[in-house]
Amino acid sequence: MPHHQTAPVHQAGSYRAWDISGPDQIADLAWYCRVEHGQPEEHRLLPFCEPSLVIRRRFDRKGRTQDCRLLVSPAMPDGGQYAPEPGEEQIAVRLAPELMEATLGLRAAEYSDADRDLPRRLQLAFDRAISAAAMGVASNAMRELLRGLESANAAPDADRVTHAARMMRQSSGRISARNLAKASGVSSRHLRREFAERFGLSPRAMTRRLRLASAILEAEQHDRPEWAGIAAGHGFSDQAHM
């Protein structure tokens, strides 16, 4: 879907995902899913700690758009199974939770339980992407979605908690919460309080889920993954602990 990279980094059923990460970018992954009428499917969701900005389009059996809207889909830190509705297309980007509030005025913790619509001012900012999706041109919708994010991303100065969350995600959870607080110059208590308020997770919970997601992504690259070695390589004492 993204024009600069054709090979997805992950795929399952009709789901495809592409790496679009870069320094201080609000989004690090673009993903796409489309399920035709009469072709129900279910695929496994990998665990992830980041919400996604999603254009959800529903269409009839002739491909005509019935409904199209922009929303924030919550994180799925425990993974699970997902069965897209027949006649549904999703065009999305995964957001960096530590940058959501400064760039989009959204707090990740507010989107931890259920889908919620975006504030009206953001709906207006992404009207071009929604229009492209409604016309059934997914590639144009993705392009406009990314363009809208680029214009919104003013690269704000990072406070210490934002910096800590960025360090944690960049290390795939391999830095402990205690060392993270020390490196960020804040107390462990302050870091726990701020993480719970901003992201809906404690630092310890986020590091564990990031390590788990990274381990599963590694396992996806092998037909017969060696789980004990993967668990050890991602900081778990053994496979059962993972």
Within the range 35-76, how many residues turn out to be of a type outside the set (A, V, I, L, M), in contact with a strand residue (DSSP E or B) (Cβ under 7 Å, 6 or more places away or on another chain) and not in a strand (DSSP E or B)? 6
May I ask you to list the residues in the range 26-62 that are buried (at least 20 other Cβ atoms within 10 Å of the Cβ) and among the charged types (D, E, K, R)? Glu50, Arg56, Arg57
From the options Ala196, Ala164, Ala232, Ala181, residue that is more than 26 Å from Ser52 (Cβ to Cβ), part of a helix (DSSP H, G or I) and in contact with a Ser or Thr (Cβ under 7 Å, 6 or more places away or on another chain): Ala181
Can you run down the residue pairs with Cβ atoms below 8 Å, 6 or more apart or on separate chains, where the first is in the range 177-188 and closer than 14 Å to Ala165 by Cβ and the partner is outside any helix (DSSP H, G or I)? Ala177/Ser202; Ala181/Ser187; Ala183/Ile175
Modelled with pLDDT of 80 or more, out of contact with any Ser or Thr (no Cβ under 6 Å at 6 or more places or on another chain) and closer than 24 Å to His10 by Cα - does that describe any residue in the range 116-133? yes
Is it the case, given these coordinates, that Ala125 is surrounded by fewer than 18 Cβ atoms within 10 Å (Cβ to Cβ) and of a type in the set (A, V, I, L, M)? yes
Just a yes or no: is a residue in the range 49-63 modelled with pLDDT under 80 and within 19 Å of Leu146 (Cα to Cα)? no
With respect to the numbered conditions (1) over 30 Å from Arg166 (Cα atoms); (2) touching a residue at least 40 places away in the same chain (Cβ under 8 Å), which one is the sole condition not fulfilled by Leu70? (1)
Only one of these is closer than 24 Å to Leu212 by Cα and in contact (Cβ under 8 Å) with a residue 12 or more places away in the chain: Pro86, Pro119, Pro51. Name it. Pro51
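The values are calculated or read from the model by the stated rules, or taken from the named source; none is laboratory data. Keep in mind the model is a prediction, meaning the values are calculated, not measured. Ideal geometry is used to build each Cβ from the backbone, glycine not excepted, and the neighbour counts take in all protein chains shown.
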